[in-house]
1. Output the residue which, of all residues in the range 9-24 that are open to solvent by 20 Å² or more (accessible area, probe 1.4 Å) and of a type in the set (A, V, I, L, M, F, W, C), is nearest to Gly59 (Cα to Cα).
2. Could you please give the count of residues in the range 25-68 that are among the polar types (S, T, N, Q) and either surrounded by 21 or more Cβ atoms within 10 Å (Cβ to Cβ) or within 11 Å of the ligand (Cβ to nearest atom) (or both)?
3. For the range 196-220, what are the residues that are closer than 22 Å to Leu140 by Cα, open to solvent by 20 Å² or more (accessible area, probe 1.4 Å), assigned to a helix (DSSP H, G or I) and among the hydrophobic types (A, V, I, L, M, F, W, C)?
4. Write out, first by first residue and then by second, each pair whose Cβ atoms fall under 7 Å of each other, whose residues are 6+ apart or on separate chains, and whose first residue, in the range 84-110, is part of a loop (DSSP other than H, G, I, E, B) and among the acidic types (Asp, Glu) while the second is open to solvent by 90 Å² or more (accessible area, probe 1.4 Å) and within 13 Å of the ligand (Cβ to nearest atom).
5. Kindly evaluate Ser82 against the criterion of being in contact with an Asp or Glu (Cβ under 9 Å, 6 or more places away or on another chain) and over 23 Å from Pro225 (Cα atoms).
6. Which one is most open to solvent (accessible area, probe 1.4 Å) among residues in the range 72-83 that are part of a loop (DSSP other than H, G, I, E, B) and within 10 Å of the ligand (Cβ to nearest atom)?
7. Hey, does the range 172-183 have a residue that's assigned to a loop (DSSP other than H, G, I, E, B) and either under 18 Å from the mean Cα position of the chain (by Cα) or over 22 Å from Phe5 (Cβ atoms) (or both)?
Amino acid sequence: MKKSFTSEDAIKSWDNNARSYTNNYSEAGDLHREVFLNPALFSLIGEVEHKCVLDAGCGEGYLSRMLAQRGAIVTAVDYSRSMLEIANERTASHLPINYVHGNCEDLSTLKDASFETIVSNMVMQDLADHERALREMYRLLVDGGSFIFSILHPCFITPESGWEKDEQGEKLHWNVDRYFYEGVYEQRGLGEAGALFYYHRTLSTYLNSIIRAGFTIVKVVEPTPSEEILKKYPTFEEDFRCADFIVFQLRKPTE
Ligand SMILES: C[S@@+](CC[C@H](N)C(=O)[O-])C[C@H]1O[C@@H](n2cnc3c(N)ncnc32)[C@H](O)[C@@H]1O
C-alpha cells in the first residue's frame, strides 16, 4: 500500500487509463452505471430542466450529456485532461455543457452558490482529501441546493474484498477484509495502462464528513437492479449478493 499518494498522483493514473477505462462506455456509461447507478442517481436528481448543474469528476462526460439532454445547463469538471479530451470528442456541440479542467478539492475558479444541483458519480473515493471536496460542493451550491454523489460501497468494497471461488471457479462467497483500513489502495483488475488507485474510508468517516461539511442527509440508496433491468441482464441476479455502490442525496440547508 502506498502511504503518501496525492490527488496529482491519482490523476496521472487516470490520464494513462482514460481511454481504456471508457472504451466500453455507451451513452449510458458502462454496464454498472446503466444497471445500478443511473436509475439511483436520476431518482434522486429529479427535474433538471433550466437548472445549473455541476458534474464534479465528469470523466468522459456521459452523465453530463444525459443531464444536458434533460434540459440542464451543465458545468462538467475533471482533473484529468485526457478524460476531458474524450468528453469533448464525444459531446455534440449543441449540448449546453461547459467542460472545465479542475480539482474537485479546490474549485476556486467557480463562484459561490453557482449551482442548484451538484452530481458526483464515483469520484469521492478517488480524492485524497474528500473533506475539502465536500466543503467545496457546499460552497458552490445555492441554499437549499442538492448534492448527489455515489461511491463504491465502503462496507463491501475494501482493499481486500473479492469472490471466494470453488475449484471449478464457481462463485461461493463475497469476502470482505480490512474494512477499517483508511487510505489509498490499488484497484485489482482495473488500470490496463498502469494501476488505478482508490481511497478506502469507513462508512462512519463518510457520514461524519458529510455532517461536518454542514449538509443534511435527505436520502441514501444502495442500488439494486430493477426487474426490467434483470430481464435485460439476467447474470446480475446471480452476482447480486451485497451492495456494490451507495448513493447519497444531501441538501445544503437554507439559512
Ligand atoms: C471512476 S471515474 C468516474 C467518471 C464519471 N463520473 C463516470 O461516472 O463515468 C473518476 C473520475 O474522477 C476524476 N478525478 C479523480 N480525481 C479528481 C479530482 N481531484 N478532481 C476532479 N476529478 C477527479 C478522474 O479523472 C475520473 O474521470
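1. It comes out as Trp14.
2. Adding up the residues that qualify gives 2.
3. Selection gives Leu207, Ile211.
4. Glu105/Arg132
5. Values: in contact with an Asp or Glu (Cβ under 9 Å, 6 or more places away or on another chain): yes; over 23 Å from Pro225 (Cα atoms): yes.
Yes; evaluated as a whole, the condition is true for this residue.
6. First, the residues of the range 72-83 that are part of a loop (DSSP other than H, G, I, E, B): 72, 79-80.
Cutting the leftovers down to within 10 Å of the ligand (Cβ to nearest atom) gives us 79-80.
Values: Tyr79: 60, Ser80: 0 Å².
That would be Tyr79.
7. Applying the first criterion (assigned to a loop (DSSP other than H, G, I, E, B)) to the range 172-183 yields 176-182.
Checking the rest, the ones that are also either under 18 Å from the mean Cα position of the chain (by Cα) or over 22 Å from Phe5 (Cβ atoms) (or both) come to 176.
Yes; the residues of the range 172-183 include at least one that is assigned to a loop (DSSP other than H, G, I, E, B) and either under 18 Å from the mean Cα position of the chain (by Cα) or over 22 Å from Phe5 (Cβ atoms) (or both).
Residues are listed down the side, and each one gets a yes or a no for (1) surrounded by fewer than 17 Cβ atoms within 10 Å (Cβ to Cβ); (2) more than 22 Å from Leu63 (Cβ to Cβ); (3) in contact with a helix residue (DSSP H, G or I) (Cβ under 8 Å, 6 or more places away or on another chain):
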{"site": "Asp126", "(1), (2), (3)": "no, no, yes"}
{"site": "Asp129", "(1), (2), (3)": "yes, yes, yes"}
{"site": "Glu136", "(1), (2), (3)": "no, no, no"}
{"site": "Gly145", "(1), (2), (3)": "no, no, no"}
{"site": "Ile151", "(1), (2), (3)": "no, no, yes"}
{"site": "Cys155", "(1), (2), (3)": "yes, yes, yes"}
{"site": "Gly162", "(1), (2), (3)": "yes, yes, no"}
{"site": "Asp166", "(1), (2), (3)": "yes, yes, no"}
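The values are calculated or read from the model by the stated rules, or taken from the named source; none is laboratory data. Just so we're clear, the structure is a prediction, and the values are computed from it rather than from any experiment. Here Cβ is always computed from backbone atoms with ideal geometry, including for glycine, and neighbour counts include all displayed protein chains. Accessible surface areas use protein heavy atoms only, side chains included; no ligands, DNA or RNA. Shrake-Rupley method; radii C 1.70, N 1.55, O 1.52, S 1.80 Å.
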